[in-house]
Amino acid sequence: MSKTFHGGNLAHATELFGEPDGGWQDLSTGVSPWSYPLGEVPEYVWRSLPADQSPLMDTASEYYGAGREHLLPVPGSQYAISRFPGLLDGAAVAVPAPGYAEHARCWKNAGHQLLYYRSREALSELILSGRVRHAVVINPNNPTGERISSQALLDLYRELPGIMLVDEAFADVNPELSLAGRVAENPRLYVLRSLGKFFGLAGVRLGFLLGSGSCVQQLRDAMDPWAVSAPALWAATRALADSAWHGMQRRHIADTSQRLMELLEGRLPEAAVATNAGLFISLHGESRSLYSLYQRLGRAGVYSRWGYKVPGDEQQAWLRLGLADDGGQRLGLALDHACEVKG
């Protein structure tokens, strides 16, 4: 079976499956296929140094429900993911498995001891047993789609002696899950947000670290001048301010993901289970059957994401399918063909 790669790597997809007729349909990233309509960027934006962040900070403060002093714009949430663990002394940290692999890599590289958990219950056991000091939570989880309510997370946070870092890259679809507005009264809580997924603006490379503790200022002090570009500031200010579009986007995502769930009915490998995370559908099941489906979709020109559920355990796996702008027509044909081949 193949090593897992980050989503969006179509060069890797072509190496695996060849160049498909009609090009690739890339469902591997979880990025919305409907980007915020920015229109033409004014010429002055390209000439400007990004010295004034005030318009963005005002808009982001209202969108996330957090004070400006608790918001740090960064050049993509990956920037903060890579650097945040180095702000803390080495300790035991709870990390979700499966989960976005960069979290585990960066905490390990910064000298921390990783203890993996598979569910909210397992995380609670690690915290209550005193085995970990810090915890990383991805909510909704990428790639499993598991959600933890904001109140349940706050309850776990209060039992944790150290930092809780919550990655909310996919939370814009369900804002009630977010703890962004709760960082002021919880100084050991930090939240990551991104414009990449919900807004379909991954190429802008802009995210936020939110928190009232010292880590926000430490990272701010360590950043190079003008780390966030002027076009990114301009784009994010407009996207975050457009509440009418936010509502339309949420309805569009909800309708499309529900249609995708219906499309998958009767077309999945035996015993596979589908979870709707909004911007993607996550399939869970036996490794060989899901990897076989991953290969068949790839040969049909539909690129998805696949990986093992637990590091070192090759029995159970996941396969993630993002939303498609064609209503799932090409995916449906590929799934039908996969079923025919299997039959």
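The values are calculated or read from the model by the stated rules, or taken from the named source; none is laboratory data. As the structure is a computational prediction, the values presented were derived from the model and not from experiment. Backbone-built Cβ (ideal geometry, glycine too); neighbour counts: all protein chains shown. Ligands, DNA and RNA are stripped out before the accessible areas are found, and what is left, the full protein with its side chains, is counted by its heavy atoms. Shrake-Rupley method; radii C 1.70, N 1.55, O 1.52, S 1.80 Å.
Here are some notes:
- Lone unmet requirement of (1) out of contact with any strand residue (DSSP E or B) (no Cβ under 6 Å at 6 or more places or on another chain); (2) surrounded by fewer than 20 Cβ atoms within 10 Å (Cβ to Cβ); (3) without any contact (Cβ under 8 Å) to a residue 60 or more places away in the chain for ILE127: (2)
- GLU69 passes every criterion in (1) exposed (fewer than 14 other Cβ atoms within 10 Å of the Cβ); (2) modelled with pLDDT under 95; (3) within 30 Å of VAL132 (Cβ to Cβ) apart from (2).
- Residue check for GLN315: assigned to a strand (DSSP E or B), of a type outside the set (Val, Ile, Thr), out of contact with any strand residue (DSSP E or B) (no Cβ under 6 Å at 6 or more places or on another chain) and in contact (Cβ under 8 Å) with a residue 12 or more places away in the chain: yes
For every residue, the table says whether it meets (1) open to solvent by 30 Å² or more (accessible area, probe 1.4 Å); (2) small (Gly, Ala, Ser); (3) on the phi > 0 side of the Ramachandran plot.
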{"residue": "MET223", "(1), (2), (3)": "yes, no, no"}
{"residue": "SER229", "(1), (2), (3)": "yes, yes, no"}
{"residue": "GLY247", "(1), (2), (3)": "no, yes, no"}
{"residue": "ALA271", "(1), (2), (3)": "yes, yes, yes"}
{"residue": "ARG288", "(1), (2), (3)": "yes, no, no"}
{"residue": "ARG299", "(1), (2), (3)": "yes, no, no"}
{"residue": "TYR303", "(1), (2), (3)": "no, no, no"}
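- Scanning the range 15-57 for residues that are of a type outside the set (A, V, I, L, M, F, W, C), over 24 Å from the mean Cα position of the chain (by Cα) and outside any loop (DSSP other than H, G, I, E, B) yields a total of 6.
- Pairs with Cβ under 8 Å, 6+ apart, first in the range 61-74 and under 18 Å from ALA235 (Cα atoms) and among the β-branched types (Val, Ile, Thr), second open to solvent by less than 30 Å² (accessible area, probe 1.4 Å) and modelled with pLDDT of 95 or more: VAL74/ALA80; VAL74/LEU206; VAL74/GLY207; VAL74/PHE208; VAL74/LEU209; VAL74/LEU219; VAL74/VAL228
- Taking the range 167-192 as the range and being in contact with a Leu (Cβ under 8 Å, 6 or more places away or on another chain) and either part of a helix (DSSP H, G or I) or farther than 26 Å from GLN258 by Cα (or both) as the test, the residues that pass are ALA171, VAL173, ALA180, ARG182, VAL183, ASN186, ARG188, LEU189, TYR190, VAL191, LEU192.
- The number of residues in the range 201-221 that are under 22 Å from the mean Cα position of the chain (by Cα), open to solvent by less than 20 Å² (accessible area, probe 1.4 Å) and closer than 29 Å to LEU88 by Cβ comes to 9.
- Residues that are of a type outside the set (Asp, Glu), within 13 Å of the chain's Cα centre (by Cα) and either surrounded by 23 or more Cβ atoms within 10 Å (Cβ to Cβ) or at positive phi (or both), drawn from the range 158-195: VAL166, ALA169, PHE170, ALA171, VAL191, LEU192, ARG193, SER194, LEU195
- Restricting the range 276-302 to residues that are of a type in the set (Phe, Trp, Tyr) and in contact (Cβ under 8 Å) with a residue 40 or more places away in the chain, the residue that is farthest from ALA317 (Cα to Cα): PHE280
- Here PRO143 meets the list (1) under 17 Å from the mean Cα position of the chain (by Cα); (2) under 22 Å from VAL183 (Cα atoms); (3) open to solvent by less than 20 Å² (accessible area, probe 1.4 Å) almost entirely, failing just condition (2).
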